[in-house]
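Inspection log for the structure reproduced underneath, given as structure tokens.
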Amino acid sequence: MKDFAYLTAHDVPTAVRAITTPGAKFLGGGTNLVDLMRQNIERPDTVIDITQLPLDQIEELPDGGLRIGAMVRNSRLAAHRLIRTRYPVLAQAILAGASGQLRNMATVGGNVLQRTRCPYFADLAARCNKREQGSGCDAIGGFNRNAAIFGASEHCVATHPSDMCVALAALDAIIELESVRGTRRLPLVGFHMLPGDSPQHETAIAPDELITAIELPDLPAAARSRYRKVRDRSSYAFALVSVAAATEVRNGVITEARLALGGVAARPWRAHEAERVLLGAPATEDSFLRAAEAELTAAVPLSQNGFKIELAKRAITATLRQLHVEGSAA
Amino acid sequence: MADIRMRVNGSIEKLDVEPRVSLLDALREHLGLTGTKKGCDQGACGACTVLVDGERISSCLALAVQYADRDITTIEGVSDPLQESFVRHDGLQCGYCTPGQICSALGMLAEHAAGMASAVTEHVADEEIELTAEEIRERMSGNLCRCGSYNGIVAAIQESAGSAR
Amino acid sequence: MTYVGKPVDRVDGTLKATGAARYAAEFPYPDLAYAALVHATVARGRITRIDAGLARKTPGVVAVITHLNAPAMKPPPKPTPMDLSTMATSSSVSLLNTDEVHWNGQPVAVVVAETLDAAREAAHLVEVEYTELPATVDFAAEEANARPQKNTLLSSANTQKGDAEAALAAAPFSVDLRYTTPGVNHNAIEPHSTTAYWDGDQLVLHDATQNTTWARDQLAIRFDVPKKNVRVISPFVGGAFGGKSLVWPGTVLTALAAKVTGRPVRLMLTRESVYRTVGGRTPSIQRVAIGAEAGGSMTALIHSSVSRVGKVGGWTEQITTVSRHMYDAAALQVRQSLVRLDALPNTIMRAPGESIGSFALESSVDELAYQLGLDPIELRARNEPARNPVDGKAFSHRLLLDCFEQGAKEFGWAERAPQPRATRDGRWLVGMGVAAAYHPAWQFQANLTLRLSADGTVLVRCGFHEMGMGTATAISQITADTLGVPLDAVTIEYGDSDLPGAGTAGASAQTATVTASLLDACEKLTDGVFALARKTPGSPLRGHRRQDVTARDGGLYRDSRGESYGEILRRAGRESIDAQVGSETRLGELTGQVRFMSKFLMDRRRWMKAACGAQFCEVRVDAETGEVRVSRWLGVFDVGRVINTKTAASQLRGGIIMGIGMALAEETLVDPRTGRIVNASLSEYHVPVHADIPTIEVRCLDDPDPTMPLGVVGLGEVSVTGVAAAVANAVHHATGRRIRDLPITLDKLL
């Protein structure tokens, strides 16, 4: 790891001023950045520790939503009473990720910004447009079993690895960003970018911006929600496909549907097509299947990841069915 | 270089480390506390688990400077009946993952006592969650044991959790 | 016996549970420097330019060693049976003494620095350019170019009995199936680590090794110093599974770095460096064909394999061995062939050969059983041989059918509905599978000394190894029982090449090997003590015959007469008495080797010795997503006498768990374009975690093998065999799908 200057920011103004130094990086829990620095994929000159910032609160908003400070640790968020009761899909998604140790370290802001697990991104000897623009993509003609089926490009097929973000996408979370230029609020859906011809641009965050909070809207349907993660071993593995779902059913008819997929794209994939099919449809197996089919029509397989299309369909159907039959995960 | 202090196993240690030095390397190479193990150096095996203010973390992904003034407990500072349970139930073979398993188990038991749910908890909103073998296994999955002592580890934790704790 | 056969806590358990056990990278030295490796990024080529300028300028860097400045070493010795330590050669490449690159990941430079972080940073800054040469790296694509494999000392690669192809063609029932298994890696949680320092021309090395003797001898050869100048210390090894048997680049390069810098140097490989410099298990392509009569009796059994070695070395696995011993087929043919790749040499990994060979064989037997409409256990029973099928040798011991019988009863095998996809529990399809386990029993040669002191304590000195098997505990138990002393009176010194040599900790042979010498030494020791007593006036044993006297209660006794060891020694004016088996002199070594080889070969002509067992597995497969969970396991084993029921059960479980990993998740991905391992990390290579593993029940029949010391057969490897087949058979029973390509990931079941 390259040696670097280290400073601790105790307030947001100091942090956002410090980040304007060329080559500076914010450091949260370190679970992703320190790993990437050790592998020389990230080589910052200055590291600004932001874990002391006063952004570690979870507060109820006047409109019924929740404001989650960006420095709240993943485990704290999953353990919070309001998350467990009002947004169980989020608690489940967080608990499905990483390990107990890592969840105790990782911050909410850092989780949003974590980088892909594409093995070619992690190997400096491989070609990767995300790491080095224009170098090529070794995944397309190589091991791409866990690559994207939605929104990939000829330049990059990497997926976003977060579980938490899949739930946040389903919940229409808002990301609050702060810089010396002021405050911005962006929907999480769309915050992560599809690769296009510039896969190195992964999110809408500007280099000088700090994630200060995530806001969850008041969403009664979220109380009836679930997260389902399908992976290669029972625990401590990234998703092949995951599903975050929240529905509201009245008189047998779906009146609200929130669905997002993980492991399938460079962003947590909000399943708008499926939601359209579900809304107003009877809460039946047939509707679930049609919704899944509708979402996956746009999927494009590579040489090894075609199974994800069928897997995603089945995972969507299974999750919606479970939600319908067994109810909420709360 | 950064001059930092941290409380390690109850005593204040002064450390003069570069910011890039991990908490794991600070413990092993600077303080000679080699009980905490390095298995992957990238948060994928759990061998480096230590307790910080009672919470388990992977010390390989922690920069030592980030943990200045915190209270660190390594296996050398643990004296718990759980260790005897590990021996009695043979929850170890080569012994290399063992300190991490033990520190992780202690942190895990505290998390459970605080009412935290896991990925296998049926209803995440439940206040009291029974610590079944399935719950232990999920909560301990961040600690790999290649010798395959998983059964003994779970038995040791069950015994320890079932006693006066 | 007081201790043998009991669930004794392991003697080093507390050291390990308190973090006090020290591993190779944990010995402090003043002035210690740290090393890091630079790896080649091409599969084959020559280094055209290597620029260490930036690296050398990195603060804290002590040295950058490349082929341009490294001192010459002797080349790695060619493996020859004349000197067994040459078997420890992992590759023929003279690292850093050549500009040639032979595999993607080969070390091309070593950086030494004041701190670990400085060493790794500088390693990143070393710039290397290559001229690439055409390379053969794609195993699957090379299948057609496979060449027949030669027989080795331990196994035959080719056997023919009758005309198996003709018998197969004529058989009324038959299966003829193709299987593939991927390369896999050991992934011991302790990465390969070495701490080395030179004192003049004396080298001391703390090394994570399964063979201190071979490591010492190899290093002596490489650095051109007498063997006695090299000491390899390895009291605790953090898992090995075969991966620490040979001498891999890290060990040699640490010794080199210490020599160049004149300082103690430590190298703990990064996890990535473990993948790039230490071989794993070969991938394989296998064919198993079985012909049978309607009643199930096998008329033909054909098993052939293709595996790989590196062009610069590699361990040839006995993949088809199981098929030479398991079934009484009238005609039999096994053939092994090899492809040679520009790749890191593959190596020994837990049950090399049998682990993957049994997957193919035991899966095919299950398929045949379904075709015949027979219970798979019944089919095995109808083909159980009375003598070794290939050559009619007697089995020294074989209770395979007893294992199946006991296991079937306990597991509830009879209650299962035999047809596939018949049992469902909510979202889960439930299935049960069974397979045989088999691993040959070996016994090699160990030197050992015993010292009995007047205070009644016993010191055993023997250079065996502890990587988690509990050997020190087992040897303590046997010593205590044989000499009739309490367990805590026994101290064992092991894991040091300065101790009497015990060869390799491998082939499931260590306990039997050390036990044989230990029993000899105990006999010599008690003879010596008795001789003292008999000569000493006043001893109650005066006038008695040796054969009437037994060692018990801390002394020698005949009926109620006798006295403690302490009394005998004190009366004779002795502080201690020693016994020795084997000799460390050059002549002693040679005589020992010759004596061992003649006994070994004679024994092999006479007996077929092996451990065996029956693996029972229950899986639950998510009907929609194809996720497979192992929900129950029972392994019943015939492993001869069990010295320690507690540690033996752990080791057997460990093998089963490694087998479950192999069955369901493990796969080392090698990019066929570059020969580079793509998932060189524990996050992308999936070993089983806690949540993957249910309660694993293991049972041992505990029936001593009459031809082995104390009846010990060895159990380190047998339990990994048959596991993948039992899982695959259970998956078939659950889903109706046969998966013949490991690992059984969910995409194959969708």
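Yes or no, residue by residue, for (1) more than 27 Å from residue C:423 (Cβ to Cβ); (2) free of Cβ contacts under 8 Å to residues at least 60 places away in the same chain; (3) aliphatic (A, V, I, L, M); (4) within 14 Å of chain B (Cβ to nearest Cβ):
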| residue | (1), (2), (3), (4) |
| --- | --- |
| C:662 | no, no, yes, yes |
| C:665 | no, no, yes, yes |
| C:687 | yes, no, yes, yes |
| C:698 | no, no, yes, yes |
| C:701 | yes, no, yes, no |
| C:723 | no, no, yes, yes |
| C:731 | no, no, yes, no |
| C:742 | no, no, yes, no |
Entirely in the stretch A:49-122, the helices (runs of 4 or more DSSP H) that have 2 or more residues that are of a type in the set (A, V, I, L, M): A:74-79, A:81-86, A:88-95, A:100-105, A:108-112
Residues within the stretch C:388-410 that are without any contact (Cβ under 8 Å) to a residue 60 or more places away in the chain and closer than 24 Å to residue C:701 by Cβ, tallied: 3
Count of residues meeting criterion [more than 9 Å from chain C (Cβ to nearest Cβ) and touching a Leu at 6+ places or on another chain (Cβ under 8 Å)] in the stretch B:79-100: 1
Any chance residue B:102 is of a type in the set (A, V, I, L, M) and in a helix (DSSP H, G or I): yes
Within the stretch B:101-117, considering residues that are more than 11 Å from chain C (Cβ to nearest Cβ) and closer than 13 Å to residue B:73 by Cα, the one least open to solvent (accessible area, probe 1.4 Å): B:107
Filter pass, residue B:120 being within 11 Å of chain A (Cβ to nearest Cβ) and crowded, with 24+ Cβ neighbours inside 10 Å: no
Sole residue being in the same structural domain as residue C:434 (by TED's automatic domain parsing) and either of a type in the set (Phe, Trp, Tyr) or outside any helix (DSSP H, G or I) (or both), chosen from C:710, C:715: C:715
Answer residue from the stretch B:9-33, given it is touching a strand residue (DSSP E or B) at 6+ places or on another chain (Cβ under 8 Å), in contact (Cβ under 8 Å) with a residue 24 or more places away in the chain and farther than 20 Å from residue A:49 by Cβ and is least open to solvent (accessible area, probe 1.4 Å) among those: B:33
Residue within the stretch C:447-469 that is without any contact (Cβ under 8 Å) to a residue 12 or more places away in the chain, open to solvent by 20 Å² or more (accessible area, probe 1.4 Å) and more than 28 Å from residue C:189 (Cβ to Cβ) present: no
Residue within the stretch C:380-395 that is under 23 Å from residue C:728 (Cα atoms), outside any loop (DSSP other than H, G, I, E, B) and not charged (D, E, K, R) present: yes
Total residues in the stretch A:232-263, condition in contact (Cβ under 8 Å) with a residue 12 or more places away in the chain and under 21 Å from residue A:306 (Cβ atoms): 9
Number of the condition not met by residue C:596 [criteria: (1) more than 14 Å from chain B (Cβ to nearest Cβ); (2) crowded, with 24+ Cβ neighbours inside 10 Å; (3) in a helix (DSSP H, G or I)]: (2)
Residue, farthest from the other protein chains (Cβ to nearest Cβ), within the stretch C:16-47, restricted to residues that are touching a Lys or Arg at 6+ places or on another chain (Cβ under 7 Å) and outside any strand (DSSP E or B): C:31
Test for residue C:337: is it in contact with a strand residue (DSSP E or B) (Cβ under 8 Å, 6 or more places away or on another chain), part of a helix (DSSP H, G or I) and small (Gly, Ala, Ser): no
Selection within the stretch B:39-77 - facing chain C (nearest Cβ under 10 Å), open to solvent by 20 Å² or more (accessible area, probe 1.4 Å) and closer than 18 Å to residue B:8 by Cβ: B:76, B:77
Residue satisfying condition, being part of a strand (DSSP E or B), within 30 Å of residue A:312 (Cβ to Cβ) and either more than 10 Å from chain B (Cβ to nearest Cβ) or free of Cβ contacts under 8 Å to residues at least 40 places away in the same chain (or both), within set C:683, C:631: C:631
All positions within the stretch A:85-94 that are at the interface with chain B (Cβ under 8 Å from one of its Cβ atoms) and open to solvent by less than 10 Å² (accessible area, probe 1.4 Å): A:88, A:91
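Each row is one residue, and each column tells you yes or no for (1) open to solvent by less than 60 Å² (accessible area, probe 1.4 Å); (2) within 30 Å of residue A:143 (Cβ to Cβ); (3) within 14 Å of chain A (Cβ to nearest Cβ).
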{"residue": "C:93", "(1), (2), (3)": "yes, yes, no"}
{"residue": "C:109", "(1), (2), (3)": "yes, yes, no"}
{"residue": "C:122", "(1), (2), (3)": "yes, no, yes"}
{"residue": "C:130", "(1), (2), (3)": "yes, yes, yes"}
{"residue": "C:139", "(1), (2), (3)": "yes, yes, no"}
{"residue": "C:149", "(1), (2), (3)": "yes, yes, no"}
{"residue": "C:160", "(1), (2), (3)": "no, no, no"}
{"residue": "C:165", "(1), (2), (3)": "no, no, no"}
{"residue": "C:181", "(1), (2), (3)": "yes, yes, no"}
Residue match in the stretch C:703-715 (condition: of a type in the set (D, E, K, R) and open to solvent by 10 Å² or more (accessible area, probe 1.4 Å)): yes
Flag if residue A:35 is more than 30 Å from residue A:218 (Cα to Cα), surrounded by 19 or more Cβ atoms within 10 Å (Cβ to Cβ), within 8 Å of chain B (Cβ to nearest Cβ) and acidic (Asp, Glu): yes
Tally, over the stretch B:123-140, of residues that are open to solvent by less than 10 Å² (accessible area, probe 1.4 Å), assigned to a loop (DSSP other than H, G, I, E, B) and within 14 Å of chain C (Cβ to nearest Cβ): 1
Criterion: within 11 Å of another protein chain (Cβ to nearest Cβ) and surrounded by fewer than 24 Cβ atoms within 10 Å (Cβ to Cβ) - qualifying residue of A:103, A:115, A:67, A:76: A:76
Helices (runs of 4 or more DSSP H) within the stretch C:184-283 that include 3 or more residues open to solvent by 20 Å² or more (accessible area, probe 1.4 Å), in contact with a strand residue (DSSP E or B) (Cβ under 8 Å, 6 or more places away or on another chain) and not assigned by TED's automatic domain parsing to the domain that holds residue C:724: C:212-222, C:249-261
Number of the condition not met by residue C:508 [criteria: (1) outside any strand (DSSP E or B); (2) modelled with pLDDT of 95 or more; (3) under 35 Å from the mean Cα position of the chain (by Cα)]: (2)
Index of the failed condition, residue C:167 passing every other in (1) in a helix (DSSP H, G or I); (2) under 30 Å from residue C:259 (Cα atoms): (2)
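The values are calculated or read from the model by the stated rules, or taken from the named source; none is laboratory data. Because the structure is a prediction, the values reported are computed rather than measured. Virtual Cβ from ideal backbone geometry, glycine too; neighbours counted across all protein chains shown. With ligands, DNA and RNA removed, areas are computed over all heavy atoms of the protein, side chains included. Shrake-Rupley method; radii C 1.70, N 1.55, O 1.52, S 1.80 Å.
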